[in-house]
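*Asks:* This is the structure, below, for whatever I ask next.
Values quoted throughout were computed directly from the atomic coordinates according to the rules given, and no laboratory measurement underlies them. None of the values given here were measured: they were computed from a predicted structure. Positions of Cβ are generated from backbone atoms using ideal geometry, with glycine treated the same way; all protein chains shown enter the neighbour counts.
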Amino acid sequence: MLNFDFSLAFKENLGTGVTYEEILERSEVASEALKKVIDAKPGFIRILETKEYLEEVKNLTSWFANFENVVVLGIGGSALGNIALHNSLKPLNWNLTDFDRKGKARVFVVDNVDPEFVNAVLSKIDLSRTLFNVISKSGTTAEAMANYLVVRGFLDKAGLSPAEHLLFTTDPEKGVLRTIARKEGIKTLTIPEDVGGRFSILTPVGLASAFAEGINIDALYIGARHGLERYKNLKASENPLILNALLHLEAINSGKNISVMMPYSNRLYSLADWYRQLWAESLGKRFDRDGREVFTGQTPVKALGAVDQHSQVQLYNEGPKDKIITFLKLENFSTDYEIPALHNDIEALSYLGGKKLSTLLNSEQYGTALALAKNGVPNLTVTFPELNEENVGEFILYYELLTATMGELLHINPYDQPGVELGKKITYGLMGRKSYEDFLKEYSGDNWRLKL
């Protein structure tokens, strides 16, 4: 079970901002927002009530066993969840060729169309021992489909059957990938219609690659279901989700428009990437639900402790007071090192001797949190007692539910993303897709360009 420490987020320890009692006095509005989300039962909650998607993935168990590699071809919500599960729940050296994986697959996520990045994966794997999971609900996502076509060309050139090496994770009924799959006998997994990409980590979108590499996907659901029961509590003093929502709403209302997530664990770092998309796409909106122009949202930033103590924390402490910080802490690491007691005659080194690396890392986390508070920067800490599927599943549900609750508090739709559509349409025009030529007309001349 996750633990939450809000001690350094309130005026009592900051000397500025809002007090704990003031937050509790405002809690009714957040409790109502949370209840509204739960009662609406959005897709990311509904899926926890069924085993349908778990079973759909597990039905491919014997097929997955044929492959040494699973390569995910997707972008955004079709990739970040896979990366977060892979990095948080498998050893950091899992994909190294000399690592004993006990028959479980290596997982690679190709989430960009940078040709050098694509080559870095495709040139180092045995195609005959690789499954490519193409993830796109519509089947028209330019980046995922471009990489699919590249891979398809590789398979054809190698004389390998696409139906034996391709898996499509897509809309249950319609779309380009569904059409191709029906025509060519390619296996498919379902992206539920009521689950958007950034909320899809606990659907087959994220579950398939996790299962193929040996992650216990049933335990992910157990953790998420436990979290749902825990965070349904509408009493603010007992629910860390309501407190967090109120703190972030207060931050936005007081001009703190940057939300930093700073894990003190390399394995937790990709969860901050997943959070960035969830928070940014869900809450960054021009219009509220009444059509009023509000330009609301909060810019999510990721940092890594202790690395970014030496690059970003100076700004956080002494720069603009426009941030609220969330630390992610790991209590028990899967491995640890005791620092040898050497150079005992040098005081600057001797104090380290006999201490563990994890002790140093977590001391740095707490020291940074205290220093931020001393400088009036609100911060909170989410602690993982250990990294396992139950705790990660709970974390995922917590932030999905927190994000949806923030959408209610901000009176915006957290499930759409209209701000990304124009860029897609202009790209289609630049690439010569029919019916998208008009999107280039406004930008076709050189008179507006400044080139040096």
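*Asks:* Sort 255-266, 3-14, 422-433 by the packing proxy (mean of other Cβ within 10 Å over each peptide's residues), most packed first.
*Replies:* The densest-packed peptide leads the list: 255-266, 3-14, 422-433.
*Asks:* So, one more: Among 146, 96, 15, whose Cα lies farthest out toward the positive end of the dipole of the chain, if unit charges sit on the beta carbon of Lys, Arg (+1) and Asp, Glu (-1)?
*Replies:* Going by the charge dipole, the pick is 146.
*Asks:* Hey, can you rank 48-59, 381-392 by average C-beta count inside 10 Å, highest first?
*Replies:* Packing order, densest peptide first, comes out as 381-392, 48-59.
*Asks:* Please list 3J(HN,Hα) in residue order for the range 291-308, calculated via the Karplus relation 6.51 cos²θ - 1.76 cosθ + 1.60 where θ = phi - 60°; whole Hz, with x for glycine and proline.
*Replies:* Rounded to whole hertz, the list is x, 7, 6, 10, 6, 9, x, 9, 6, x, 10, 10, 9, 10, x, 8, 3, 7.
*Asks:* How many angstrom separate the Cα center of the range 244-313 from the Cα center of the range 379-397?
*Replies:* Measuring centre to centre over Cα atoms gives 17 Å.
*Asks:* Right, something else. Order of 164-177, 301-314 by packing, highest average Cβ count within 10 Å first?
*Replies:* Result, highest mean Cβ count within 10 Å first: 164-177, 301-314.
*Asks:* Mind listing the phi-derived Karplus ³J(HN,Hα) values for the range 53-59, rounded to whole Hz, using 6.51, -1.76 and 1.60 with θ = phi - 60°, and x for any glycine or proline?
*Replies:* Rounded to whole hertz, the list is 7, 4, 5, 4, 5, 5, 5.
*Asks:* Which whole-Hz ³J(HN,Hα) couplings does the range 79-94 yield from phi under the Karplus relation 6.51 cos²θ - 1.76 cosθ + 1.60, θ = phi - 60°, glycine and proline marked x?
*Replies:* Along the range 79-94, the couplings run 10, 5, x, 4, 5, 5, 5, 4, 6, 7, 10, 10, x, 5, 9, 4 Hz.
*Asks:* What angle do you read, to the nearest 10 degrees and between 0 and 90, between the alpha-carbon axis of helix 357-374 and the longest principal axis of the chain?
*Replies:* The answer is roughly 60 degrees.
*Asks:* Over the range 263-364, calculate the relative contact order: mean separation of alpha carbon pairs under 8 Å at least 6 apart, over the residue count, as a percent.
*Replies:* 26
*Asks:* Another question about this same structure. What number, in nm² with one decimal, is the all-direction average of the projected area of the convex hull of the alpha-carbon atoms of the chain?
*Replies:* Projected over every direction and averaged, the Cα hull of the chain covers 26.3 nm².
*Asks:* For the range 336-437, what size does the Cα cloud have along each of its three principal axes, sorted from largest down, in whole Å?
*Replies:* 75, 36, 35
*Asks:* Right, here's the next one. Using +1 on the beta carbon of Lys and Arg, -1 on that of Asp and Glu, and nothing else charged, what's the dipole of the chain about the Cα centre, debye to 20?
*Replies:* Value, rounded to 20: 1020 debye.
*Asks:* Let me ask another. Pairs 102/329; 11/329; 58/174; 323/374; 90/329; 90/232: which exceed 21 Å Cα-Cα?
*Replies:* 102/329; 11/329; 58/174; 90/232
*Asks:* If you don't mind, another one. For the range 45-215, just say rounded, prolate or oblate: build the C-alpha gyration tensor, square-root its eigenvalues into a ≥ b ≥ c, call rounded for a/c under 1.5, and beyond that prolate if a/b exceeds b/c, oblate if not.
*Replies:* Here the range 45-215 falls in the rounded category.
*Asks:* Relative contact order for the range 45-215 using alpha-carbon pairs under 8 Å, separation at least 6, rounded to a whole percent?
*Replies:* 31
*Asks:* Length gain on complete extension for the stretch residue 24 to residue 266, per 0.36 nm per residue less the alpha carbon to alpha carbon distance?
*Replies:* 83.7 nm
*Asks:* Based solely on its DSSP helices, what 222 nm [θ] is calculated for the chain when runs of n ≥ 4 H residues each add -39,500 (n - 2.57) and the sum is averaged over all residues, nearest 500 deg cm²/dmol?
*Replies:* Estimated from H runs of four or more residues: -13000 deg cm²/dmol.
*Asks:* Explain nothing, just the number: relative contact order of the chain, from Cα pairs under 8 Å at least 6 residues apart, as a whole percent.
*Replies:* Relative contact order of the chain: 22 percent.
*Asks:* Also, quick follow-up: To test your reading of the geometry: what angle, between 0 and 90 degrees and rounded to tens, separates the Cα axis of helix 27-40 from the longest principal axis of the chain?
*Replies:* 20
*Asks:* Run the dipole for the range 320-448 about the Cα centre, Lys and Arg Cβ at +1, Asp and Glu Cβ at -1, nothing else charged, and hand back the magnitude in debye, nearest 20.
*Replies:* Taking the Cα centre of the range 320-448 as origin, the dipole is about 400 debye.
*Asks:* Here's a follow-up. List the residues, sorted by chain then number, that are 5 or more residues from residue 131 or on another chain and whose placed amide H is less than 5 Å from its amide H.
*Replies:* 69, 70, 71
*Asks:* Moving to a separate point now. Express in nm, to one decimal, how much length is gained between residue 337 and residue 164 on full extension, taking 0.36 nm for each residue of separation and deducting their alpha carbon distance.
*Replies:* Using 0.36 nm per residue and subtracting the Cα-Cα distance, I get 57.9 nm.
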